[in-house]
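A quick write-up on the structure given underneath.
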Amino acid sequence: MDEIEKRVHTVLEKINQAAAQANRDPATVTLVAVTKTWPIETLLAAYAAGLRHFGENRAEELATKRPAIEKQLGTDNGIVWHFIGTVQSRKTKIIADYADQFHALDRLKIANRLSQRLLENGRFLPTFLEINISGEASKSGFNCTQWETCATQQAELRTVVNTLKTLPGVSLKGLMTMAPWHAPESEIKTVFARTHQLAQWVQAEMGLERPLQLSMGMTDDYPLAIAAGATHVRVGRALFGSRHR
Ligand SMILES: *Cc1c(COP(=O)(O)O)cnc(C)c1O
């Protein structure tokens, strides 16, 4: 087995274990392989190892890699392209054209611009709201540091969800969060648990038909995220090693 195949195997094993421990069906957890900074050859190796969900965080990189992969594997290759990074206003068109799912919606302005372009290109973009639970200034996302008690934060979420309902092309798929950097495990668990509770609150409060999905967990914490209900884990280093740029 080549290196990537071994690593894929290990990560899938850990996902299975974490799901089993949480009494969850491992099929409810999607492994998004974070391929940012890695060349096409790495993506092809991941594909050969069976992975079909790829995550990129730079618009230009997505717009280069997706066509390059489609040239090699055809357009009917089964790959789902996840855009996991913050989107700048002037790059919304690229995301609307090339991403299949978007994990980091942090402003309504971006949703509006995406929707405009999606109306033009006839595409559809399931979208996760990025949620800032820990309050770290370095993190983007809607401020939900005190969502349980803060009427202002709750009102903002209601507005966002209601506005998304009216925007063609963009649909609310779930919530996304990032654990605080270098935090003790207990703190990371709390962030994931509160995000899970927030998803349930939004669903009930806004009368959503389907449960919201949860995009949370990276190389250092994806088993904890699965224990807290993550449906999408975004894993880079555990699959491909440390980034070379
Ligand atoms: C890079 C990145 C990841 C993956 O991080 P690893 O620590 O390499 O697993 C996940 N989510 C986002 C938003 C990222 O930018």
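The values are calculated or read from the model by the stated rules, or taken from the named source; none is laboratory data. Keep in mind that this is a model prediction, so the values were computed, not measured. Positions of Cβ are backbone-derived with ideal geometry, glycine not excepted, and every protein chain shown enters the neighbour counts. What goes into the accessible areas is simple: the full protein's heavy atoms, side chains included, and nothing from ligands, DNA or RNA. Shrake-Rupley method; radii C 1.70, N 1.55, O 1.52, S 1.80 Å.
Looking at the stretch 11-38 only, could you name the residues that are free of Cβ contacts under 8 Å to residues at least 24 places away in the same chain and within 16 Å of the ligand (Cβ to nearest atom)?
Result: LEU12, single match.
Between LEU239, LEU224, which is open to solvent by 30 Å² or more (accessible area, probe 1.4 Å) and either within 16 Å of the ligand (Cβ to nearest atom) or within 20 Å of VAL8 (Cβ to Cβ) (or both)? Give the steps one after another, and end with the answer.
On the way: LEU239 fails: open to solvent by 30 Å² or more (accessible area, probe 1.4 Å).
Answer to the selection: LEU224.
Can you say whether THR219 is within 16 Å of the ligand (Cβ to nearest atom), hydroxyl-bearing (Ser, Thr, Tyr) and open to solvent by less than 10 Å² (accessible area, probe 1.4 Å), as far as the supplied structure shows?
It is false that THR219 is within 16 Å of the ligand (Cβ to nearest atom), hydroxyl-bearing (Ser, Thr, Tyr) and open to solvent by less than 10 Å² (accessible area, probe 1.4 Å).
Examine the stretch 1-22 for a residue that is part of a loop (DSSP other than H, G, I, E, B), aliphatic (A, V, I, L, M), crowded, with 16+ Cβ neighbours inside 10 Å and touching a His at 6+ places or on another chain (Cβ under 9 Å), and state whether such a residue exists.
no
Any residue in the stretch 165-189 that's under 20 Å from VAL202 (Cα atoms) and at pLDDT 95 or above: show its pairings with residues that are open to solvent by less than 60 Å² (accessible area, probe 1.4 Å) and of a type in the set (Lys, Arg) at Cβ separation under 7 Å, as long as the two are six or more apart or on different chains.
MET178/LYS139
Residue by residue through the stretch 227-236, note down the ones that are touching a strand residue (DSSP E or B) at 6+ places or on another chain (Cβ under 9 Å) and open to solvent by 50 Å² or more (accessible area, probe 1.4 Å).
none
List the number of the failed condition for ASN162; all other conditions in (1) more than 16 Å from the ligand (Cβ to nearest atom); (2) open to solvent by 70 Å² or more (accessible area, probe 1.4 Å); (3) over 30 Å from LYS93 (Cβ atoms) hold.
The one condition ASN162 does not meet is (3).
If a residue must be more than 16 Å from the chain's Cα centre (by Cα) and among the hydroxyl-bearing types (Ser, Thr, Tyr), how many such residues does the stretch 196-245 contain?
Counting residues in the stretch 196-245 that are more than 16 Å from the chain's Cα centre (by Cα) and among the hydroxyl-bearing types (Ser, Thr, Tyr) gives 1.
Please go through the stretch 170-208 and pick out each residue that is closer than 19 Å to ASP221 by Cα, assigned to a helix (DSSP H, G or I) and among the aromatic types (Phe, Trp, Tyr).
The one that is closer than 19 Å to ASP221 by Cα, assigned to a helix (DSSP H, G or I) and among the aromatic types (Phe, Trp, Tyr): PHE192.
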